[in-house]
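Note sheet for the following structure.
The values are calculated or read from the model by the stated rules, or taken from the named source; none is laboratory data. All values reported here derive from a predicted model rather than from experimental measurement. Cβ atoms come from the backbone with ideal geometry, glycine included; neighbour counts cover every protein chain shown. Accessible surface areas use protein heavy atoms only, side chains included; no ligands, DNA or RNA. Shrake-Rupley method; radii C 1.70, N 1.55, O 1.52, S 1.80 Å.
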Amino acid sequence: MHEETKAAANGYGRVRSSAQNEAALLALMEKTGYSMVQENGQRKFGGPPPGWEGPPPPRGCEVFVGKIPRDMYEDELVPVFERAGKIYEFRLMMEFSEEAQLAIKILNNYEIRPGKFIGVCVSLDNCRLFIGAIPKEKKKEEILSEMKKVTEGVVDVIVYPNATDKTKNRGFAFVEYESHRAAAMARRRLIPGTFQLWGHAIQVDWADPEKEVDEETMQRVKVLYVRNLMISTTEETIKAEFNKVKPGVVERVKKLRDYAFVHFFHREDAVAAMSVMNGKCIDGARIEVTLAKPVNKESNWKQHFNGQINPGSEKLVGFPNKDDGHQKSSGKSGSLAVRLNGQHIPGPLEGERCTYPFFPGMKLTPISVYSLNASHLTSAVMHLEYFCNKNNWTPPEYYLYSTTSRDGKLLLVYKVLIPSITDGPQSYFMPDKLCTTVEGAKELAAQFTLLHLGEC
């Protein structure tokens with residue numbers, strides 16, 4: 001934020017300095033007894049307030065407030081909202097400073113010494129670790145108990161049931177810690193190759209932070225994300241179950257593997273259905289229902305499918321509203337840029353390719369591709385192989401098929417099999433688009449497979 005802020009909008013009629021801002025906030029904290037902490041782009045006041053006992057307020061007790069003057073802070077806002085009742089928590093979104101943005105722009109990949117390049121990015125308080133290669137028969141309670149034994153500060157464990165066998169997990173879990181420091185210490189302790197759980201060498205990495213969606217955007221969402229469905233459950237069944245809450249409110253349903261997106265005509269019906277249906281059973285499976293999070297259409301596919309998927313992070317990928325239309329790709333023949341269900345999925349040739357000078361005497365160390373972070377992979381083919389390895393699955397198998405276009409051009413498509421997971425109802429993955437090159441067809445097939453694996 002700027003050192004000084006104009007105060008005409010809040011009635012002061014003068015310039016209030018950062019020191020005055022700080023003094024006003026300290027006075028508010030002293031008066032109310034509430035705490036205040038800033039993290040991940042927002043400042044939290046309270047949550048819980050002093051003397052609070054019991055669980056947080058239930059769903060429906062939160063309101064979103066927009067159009068707040070940028071130079072207005074908690075010392076003015078809190079008294080206004082206290083007129084309506086006791087505040088449990090007040091979250092004020094803070095702007096990412098222009099200076100920090102400029103630092104990233106001009107200093108990322110800056111050559112600080114000959115051949116030495118620094119990396120600069122947004123600092124995130126990540127409290128979640130990805131733990132891979134977990135025995136699939138282990139239950140959440142067992143994993144939680146074990147993680148609490150070997151690391152400190154464990155708050156929760158997120159475990160997803162196998163798509164085809166709900167009695168098993170998917171071979172990985174997310175462990176939530178009370179702080180970034182606790183997660184960092186746990187990650188250091190659980191370094192792969194030096195630590196085992198239940199006699200298995202586990203894989204440990206930071207879970208990719210879930211992209212934040214501003215609350216104003218979320219207030220307009222009328223699509224629900226439904227997970228933990230049976231593979232055999234149909235879109236018609238899902239639509240019928242959700243229409244039981246209020247007949248005729250569901251516009252359409254799109255199901256992929258064991259999760260689905262339920263589109264409603266009106267937001268209020270979506271919110272009501274979410275409250276009623278979350279935790280219900282459909283075809284014997286207990287479902288989880290949340291509001292779907294819109295994904296920026298410019299975002300890269302690899303941000304969503306890197307083997308460390310957070311629940312909800314892929315919401316609405318590839319499913320535009322019916323009025324979005326299906327735009328044609330403007331790339332040349334053979335380009336790896338594709339559209340799946342109207343969603344633009346950039347290929348590795350579209351990204352900026354960074355190169356660095358190789359100086360004589362530089363030390364080279366042999367490494368395995370699986371020891372890299374997923375963000376280092378720009379090829380979907382390599383990404384899929386990495387993803388399978390991380391989940392302890394057999395490598396993907398590619399089978400090439402061809403046909404001829406109306407003008408006589410040879411067109412190619414790959415069918416992808418992953419024996420570990422495609423021996424059930426989902427026997428293979430194959431895109432509904434054809435390519436003119438072998439490389440393009442294989443890359444498209446890998447992208448298609450990653451998209452349809454979703455949270456596997």
Number of the condition not met by Phe117 [criteria: (1) surrounded by fewer than 11 Cβ atoms within 10 Å (Cβ to Cβ); (2) over 30 Å from Val159 (Cβ atoms); (3) modelled with pLDDT of 80 or more; (4) not small (Gly, Ala, Ser)]
(1)
Per the filter on region 31-47, residues open to solvent by 40 Å² or more (accessible area, probe 1.4 Å) and either at pLDDT 85 or above or touching a Phe, Trp or Tyr at 6+ places or on another chain (Cβ under 6 Å) (or both) are Lys31, Gly33, Ser35, Met36, Lys44
Quick count over region 255-290, residues being over 14 Å from Lys222 (Cβ atoms), in contact (Cβ under 8 Å) with a residue 60 or more places away in the chain and not small (Gly, Ala, Ser), is 6
Are there strands (runs of 3 or more DSSP E) fully within region 201-265 with at least 1 residues that are within 16 Å of the chain's Cα centre (by Cα)? List them.
203-206, 223-227, 259-264
Of (1) out of contact with any Ser or Thr (no Cβ under 9 Å at 6 or more places or on another chain); (2) open to solvent by 20 Å² or more (accessible area, probe 1.4 Å), Asp208 satisfies all except one. Which?
(1)
In this structure, does Glu95 turn out to be modelled with pLDDT under 80, of a type in the set (Asp, Glu), over 24 Å from Gly47 (Cβ atoms) and open to solvent by 40 Å² or more (accessible area, probe 1.4 Å)?
no
Find all pairs meeting these conditions: Cβ atoms under 7 angstrom apart; at least six residues apart or on different chains; first residue within region 67-88 and over 19 Å from Gly33 (Cβ atoms); second residue open to solvent by 60 Å² or more (accessible area, probe 1.4 Å).
Pro69/Ala9; Asp71/Lys6; Asp71/Ala9; Met72/Ala9
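Every residue, every condition in (1) surrounded by 10 or more Cβ atoms within 10 Å (Cβ to Cβ); (2) in a helix (DSSP H, G or I), yes or no:
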site: Gly60; (1), (2): no, no
site: Val78; (1), (2): yes, yes
site: Arg83; (1), (2): no, no
site: Phe90; (1), (2): yes, no
site: Ala100; (1), (2): yes, yes
site: Lys136; (1), (2): yes, no
site: Glu142; (1), (2): yes, yes
Restricting attention to region 429-454, the residues that are surrounded by fewer than 22 Cβ atoms within 10 Å (Cβ to Cβ), within 18 Å of the chain's Cα centre (by Cα) and assigned to a helix (DSSP H, G or I) number exactly 1
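Conditions tested, residue by residue: (1) under 29 Å from Asn169 (Cβ atoms); (2) in contact with a strand residue (DSSP E or B) (Cβ under 7 Å, 6 or more places away or on another chain); (3) modelled with pLDDT of 95 or more.
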{"site": "Asn228", "(1), (2), (3)": "yes, yes, no"}
{"site": "Ile238", "(1), (2), (3)": "yes, yes, yes"}
{"site": "Val253", "(1), (2), (3)": "yes, yes, no"}
{"site": "Cys281", "(1), (2), (3)": "yes, no, no"}
{"site": "Glu288", "(1), (2), (3)": "yes, yes, no"}
{"site": "Leu291", "(1), (2), (3)": "yes, yes, no"}
Among the residues of region 154-175, is there at least one that is hydroxyl-bearing (Ser, Thr, Tyr) and farther than 25 Å from Leu256 by Cα?
no
Say we look at region 144-182 and pick out the residues that are assigned to a loop (DSSP other than H, G, I, E, B) and more than 21 Å from the chain's Cα centre (by Cα); which of these is surrounded by the fewest Cβ atoms within 10 Å (Cβ to Cβ)?
Thr167
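Here's the yes/no breakdown for (1) hydrophobic (A, V, I, L, M, F, W, C); (2) within 15 Å of Asn228 (Cβ to Cβ):
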| residue | (1), (2) |
| --- | --- |
| Pro135 | no, no |
| Thr151 | no, no |
| Ile158 | yes, yes |
| Pro161 | no, yes |
| Thr167 | no, yes |
| Glu178 | no, no |
| Arg181 | no, no |
| Arg188 | no, no |
Out of the residues in region 358-416 that are open to solvent by less than 60 Å² (accessible area, probe 1.4 Å) and over 34 Å from the mean Cα position of the chain (by Cα), which is modelled with the highest pLDDT?
Leu411
Restricting the first residue to region 413-440 and requiring it to be within 22 Å of Asn162 (Cβ to Cβ), which pairs with a second residue that is modelled with pLDDT under 90 and of a type in the set (Phe, Trp, Tyr) meet a Cβ separation below 7 Å and a spacing of at least six or different chains?
Val416/Tyr428; Val416/Phe429; Leu417/Tyr428; Ile418/Trp393; Ser420/Trp393; Ile421/Trp393; Thr422/Tyr428; Phe429/Phe448
